[in-house]
Amino acid sequence: MTTYLIGDIHGYYNELISLLKKINFNYKKDQLWITGDLIARGPDSIKVLCYLYSIKNSVKLVLGNHDLYLISLVLGYYNNVNDPKILQLLENKKIVFIINTWLKYQPLVQYDKNKKILMSHAGITPQWNNIKEILSFSYEAENIISGKNNKIFIDYISNEDYQVNDWKQNTLIGFERFNFIVNSLTKMRYCYPNGTLEMFTKKAPDNISSTVLKPWFSIPNILYKKYTIFFGHWSDLQGGKYTPNNIIGLDTGCCWGKKLTIFSWEKKKFFSEICRI
């Protein structure tokens, strides 16, 4: 068995299939880890969801912010959606079935104890340094997203102007707690030196004027040395240009006409496919 880890797919079905053929991916014996953001922006989100659902037993997925938005629309009985690509997904009965029976049950964190692999869409906040607690926080969020009483989840999506950026040493409860968990695992890029999230800056470290902000992985955390951490979400990092060796960003900008990238854990090798917009 080979373990492959792939960055944000964003609806680029043809490039996904070409890349899997390039590495001779075999869903019957190999495993495919995905950093989330399966949909939006690209031309074939429906095909991506249907394909991954068809090989779901071989997939280890974390939800990204775009996936959460799609799930919230289905759970919250969508209205006023103007994006035609999102509307296509919502109006497709098979996709709604996939969301309700599979996608909404996916976690925000994946973990392999033996390989010492840790993966989320945006990374691991420097305010968290205990692996058992991180998995517990992910499970909390998963239960809210997939549970019958998911009002907190819907409220989080519809109140994006209110962002909780400080864990306050695990004292948060209710909406604020859920808000921070989702922000740190699906939206985080920069932090202040004390680990507090900064939710607005997106550019690469070389292109920001602030001398205070730091990429989340530049703030000391014992977990950053104990595990190999895979994440997506931040295409401006250009792969490994800014990250330490064991912090691996896999979003290489496929939705911006750049590359879709996959990493072979056993071979320690990257493979990529140019995306066409």
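The values are calculated or read from the model by the stated rules, or taken from the named source; none is laboratory data. These numbers were taken from a predicted model, which means no experiment stands behind them. A quick note on method: Cβ atoms are made from the backbone with ideal geometry, for glycine too, and the neighbour counts reach across all protein chains shown.
Annotation: of all residues in the range 13-46 being hydroxyl-bearing (S, T, Y) and under 20 Å from the mean Cα position of the chain (by Cα), the one that is farthest from T252 (Cα to Cα) is S45. Here the range 220-275 is the region considered, the condition is being more than 17 Å from K22 (Cα to Cα) and among the charged types (D, E, K, R), and the residue that is nearest to the chain's Cα centre (by Cα) is D251.
Looking across the range 185-244, just one residue is at positive phi and either without any contact (Cβ under 8 Å) to a residue 24 or more places away in the chain or surrounded by 22 or more Cβ atoms within 10 Å (Cβ to Cβ) (or both), and that is H233.
Scanning the range 40-57 finds one or more residues that are at pLDDT 95 or above and over 20 Å from L89 (Cα atoms). Taking the criterion of being within 12 Å of T228 (Cα to Cα) and of a type in the set (F, W, Y), the only residue of the range 103-124 that qualifies is Y111. From the list L61, L19, L89, the one residue that fits, being touching an Asp or Glu at 6+ places or on another chain (Cβ under 9 Å) and under 25 Å from G147 (Cβ atoms), is L61.
Restricting the search to the range 144-173, which residues are surrounded by 12 or more Cβ atoms within 10 Å (Cβ to Cβ) and either within 17 Å of the chain's Cα centre (by Cα) or under 21 Å from Q106 (Cα atoms) (or both)? Scanning the range 144-173 gives I144, I145, S146, G147, N150, K151, I152, F153, I154, D155, Y156, I157.
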